[in-house]
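Each remark here refers to the structure printed beneath this line.
The values are calculated or read from the model by the stated rules, or taken from the named source; none is laboratory data. These numbers were taken from a predicted model, which means no experiment stands behind them. Positions of Cβ are generated from backbone atoms using ideal geometry, with glycine treated the same way; all protein chains shown enter the neighbour counts. Quick note on the areas: whole protein, heavy atoms, side chains included, nothing else; ligands and nucleic acids left out. Shrake-Rupley method; radii C 1.70, N 1.55, O 1.52, S 1.80 Å.
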Amino acid sequence: MNMDEVDLAGVGVGPFNLSIAALADEVPELRARLFERRERFAWHPGLMFEGSRMQTSFLKDLVTAVSPTNPHSFLNYLVSHGRFYSFLATEHAAIGRREFADYLGWVASRLESLSFADEVREVRSTRDGFELIHDRGRTRARCVVLGTGRVPSVPACARQHLGPRCFHAIDTLTRPLDLRGSKVAVVGGGQTGAELVLELLRGTWGEPARVTWASRRLNFEPLDESPFANHLFTPEFMAMFHGLEGARRESLLERHKLAGDGISLSTLRALHDRAYELGVSGSELRLDLLPARELIDVEARGSGGFELHLHNLLDETNEPVQADWVILCTGLREQLPGCVEPLLAELEFDAQRRPLVDRNFELRRPRRGNERLYIVNGGRSTHGIAESQLSLMAWRSAVILNDVLGRRRFDIERERGLIRWQAAPSWAARGEAC
Ligand SMILES: Cc1cc2nc3c(=O)[nH]c(=O)nc-3n(C[C@H](O)[C@H](O)[C@H](O)COP(=O)(O)OP(=O)(O)OC[C@H]3O[C@@H](n4cnc5c(N)ncnc54)[C@H](O)[C@@H]3O)c2cc1C
């Protein structure tokens, strides 16, 4: 087995670690290697519905926010593919997810630091860093960044029923589905739930007899994309959020839910139009829209179907729903990857057993020296709603790379936001090292 030695090793190559690799490409003295278990780059392929659109600007790409001249920008992708003027002519507020995924794949194909079909099986502490055991060998690294993404969140009452007809939406498009004439229940009222219902109404898998869409939210609610809501996705806000005590952070996460996790207005409009057209055309397809319903139980029926028990949060009644198929659009949750099991005893956790993440995205643990263990997309409770979004991806990558290098290679303190969140300037605004 070969043994490599690098300064920075990455576990997982989704957009977040890809951004680190793209910026690290500007720093030749930094030896970086990032491992991905997939054969090639892919961005949530199981949810890549035709026509689905981004919820963030294309300028929030892998690099532009901190290094607009970096060759791995979305604009360079457009120019290199001869689509710059056509792209401008589309005048879309949000670009298609397929195009963004293609951009990400294009960058991945240009970076030599990435190793595909190379799952990391174990990360162990050594005297001066870490050792990674992965499918193609062993690698020693002073710093490691975990970028393995989030995992499907499944309501406890549905877990025992998971199978071919009751599944989490994350891999919908990789399943052979024939839903003609079936009763389909979709649980979850976020963007994924909305996109899935729209696909069902378009007959993507054949025309179902009945579609039930249940959401715990009080209505099918839009993403808050108003100008001041966008300031929640800034380094200043994240720094302020990180400095708050735990209970305040929890309450802000709840209050800011729709800024990060609502349904795009264009999807809501398309869905509403389709639902209305069904009524006008006298279609046989029955659509039941059930907001303010919490899934409290699932029972398997002898016929191979299910009975869902929903609790109505408005009038406190319970109602049963029959379904042949149950598709859970119940979100993703943070989880440390299994490969860091040998390090768990070193990490600090909060009362809910979530790892504590410092403002430089380092997992809190007693340091032995210059080694660092970072995580991206693993600190929603410490860093706020922007942590799981693309908005601050490039900035966060620069924070981590500056920290690894021990110097300000990337200027991350240039921007001054319109809103002053704190009486005293934040650590970012003061220009302190993070
Ligand atoms: C359908 C969908 C659309 C979204 N659209 C937007 C949007 O428009 N705007 C926005 O801001 N955010 C969006 N998000 C949220 C967020 O940007 C994405 O979830 C993003 O993919 C997160 O990137 P990531 O790198 O953390 O994780 P992932 O994309 O999940 O990548 C993690 C990678 O790690 C690999 N991996 C896991 N374990 C190992 C291991 N042990 N060894 C090696 N590799 C491993 C996995 O194979 C995977 O490729 C969207 C999310 C979803 C689900």
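Given the criteria within 16 Å of the ligand (Cβ to nearest atom), in contact (Cβ under 8 Å) with a residue 24 or more places away in the chain, in a loop (DSSP other than H, G, I, E, B) and open to solvent by less than 50 Å² (accessible area, probe 1.4 Å), does THR382 qualify?
no
Picking from LEU344, LEU313, LEU290, which residue would you name as being within 27 Å of the chain's Cα centre (by Cα) and either under 15 Å from SER215 (Cα atoms) or surrounded by 16 or more Cβ atoms within 10 Å (Cβ to Cβ) (or both)?
The unique qualifying residue is LEU290.
Looking at the range 1-28, I want the residues that are without any contact (Cβ under 8 Å) to a residue 12 or more places away in the chain and surrounded by fewer than 23 Cβ atoms within 10 Å (Cβ to Cβ) and have a partner that is in a strand (DSSP E or B) and not small (Gly, Ala, Ser) with Cβ atoms under 9 Å, at least 6 apart or on another chain. Which pairs are those?
Pairs found: none.
From SER80, SER73, SER19, SER67, grab the single residue that is touching a Ser or Thr at 6+ places or on another chain (Cβ under 6 Å) and away from the ligand (no atom under 16 Å from the Cβ).
Unique residue meeting the criteria: SER73.
For the range 267-278, state whether one or more residues are closer than 28 Å to GLY181 by Cβ, open to solvent by 60 Å² or more (accessible area, probe 1.4 Å) and touching a Leu at 6+ places or on another chain (Cβ under 8 Å).
Yes: the range 267-278 contains one or more residues that are closer than 28 Å to GLY181 by Cβ, open to solvent by 60 Å² or more (accessible area, probe 1.4 Å) and touching a Leu at 6+ places or on another chain (Cβ under 8 Å).
Among the residues of the range 326-341, what is the count of those that are in a strand (DSSP E or B) and open to solvent by less than 20 Å² (accessible area, probe 1.4 Å)?
Within the range 326-341, residues that are in a strand (DSSP E or B) and open to solvent by less than 20 Å² (accessible area, probe 1.4 Å) number 3.
Could you tell me whether any residue of the range 111-133 is out of contact with any strand residue (DSSP E or B) (no Cβ under 6 Å at 6 or more places or on another chain) and buried (at least 21 other Cβ atoms within 10 Å of the Cβ)?
No: zero hits.
Please state which of the following conditions CYS143 fails to meet, knowing it meets all the rest: (1) open to solvent by 10 Å² or more (accessible area, probe 1.4 Å); (2) away from the ligand (no atom under 16 Å from the Cβ); (3) of a type in the set (A, V, I, L, M, F, W, C).
(1)
Within the range 83-103, restricting attention to residues that are open to solvent by 80 Å² or more (accessible area, probe 1.4 Å) and closer than 24 Å to LEU223 by Cα, which residue is farthest from the ligand (Cβ to nearest atom)?
Selected residue: GLU91.
Counting only residues that are of a type outside the set (Val, Ile, Thr) and more than 11 Å from the ligand (Cβ to nearest atom), how many does the range 3-16 have?
The total comes to 5.
Could you check the range 22-54 and list, in sequence order, the residues that are more than 9 Å from the ligand (Cβ to nearest atom), of a type in the set (Gly, Ala, Ser) and part of a helix (DSSP H, G or I)?
Correct list: ALA22, ALA24.
Residues that are more than 26 Å from the chain's Cα centre (by Cα): list the helices (runs of 4 or more DSSP H) wholly contained in the range 56-140 that include at least 3 such residues.
84-90
For LEU75, indicate whether it is closer than 19 Å to ARG372 by Cα and either touching a Cys at 6+ places or on another chain (Cβ under 6 Å) or assigned by TED's automatic domain parsing to the domain that holds ILE400 (or both).
In short, no.
Find the residue count for the range 55-64, including only residues that are among the hydrophobic types (A, V, I, L, M, F, W, C) and within 8 Å of the ligand (Cβ to nearest atom).
The total comes to 0.
Residues that are within 13 Å of the ligand (Cβ to nearest atom), touching a helix residue (DSSP H, G or I) at 6+ places or on another chain (Cβ under 8 Å) and more than 30 Å from LEU173 (Cα to Cα): does the range 354-367 have at least one?
yes
Rundown of residues vs (1) on the phi < 0 side of the Ramachandran plot; (2) in contact with a strand residue (DSSP E or B) (Cβ under 9 Å, 6 or more places away or on another chain); (3) surrounded by fewer than 17 Cβ atoms within 10 Å (Cβ to Cβ); (4) touching a residue at least 12 places away in the same chain (Cβ under 8 Å), yes/no style:
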residue: ALA156; (1), (2), (3), (4): yes, no, yes, no
residue: LEU162; (1), (2), (3), (4): yes, yes, yes, no
residue: CYS166; (1), (2), (3), (4): yes, yes, no, yes
residue: THR172; (1), (2), (3), (4): yes, yes, no, yes
residue: ARG180; (1), (2), (3), (4): yes, yes, yes, yes
residue: VAL187; (1), (2), (3), (4): yes, yes, no, yes
residue: GLU195; (1), (2), (3), (4): yes, yes, no, yes
residue: LEU201; (1), (2), (3), (4): yes, yes, no, yes
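Can you give me the ranges of the helices (runs of 4 or more DSSP H) entirely in the range 226-305 with at least 1 residues that are at pLDDT 95 or above and touching a Cys at 6+ places or on another chain (Cβ under 8 Å)?
Correct list: empty, since no element meets the threshold.
With the condition kept exactly as written, say whether any residue in the range 49-62 is open to solvent by 30 Å² or more (accessible area, probe 1.4 Å), under 13 Å from ALA108 (Cβ atoms) and of a type in the set (D, E, K, R).
Scanning the range 49-62, I find no residue that is open to solvent by 30 Å² or more (accessible area, probe 1.4 Å), under 13 Å from ALA108 (Cβ atoms) and of a type in the set (D, E, K, R), so the answer is no.
I'd like to know if the range 399-407 contains one or more residues that are assigned to a loop (DSSP other than H, G, I, E, B), within 23 Å of GLU245 (Cα to Cα) and either of a type in the set (D, E, K, R) or open to solvent by less than 10 Å² (accessible area, probe 1.4 Å) (or both).
no
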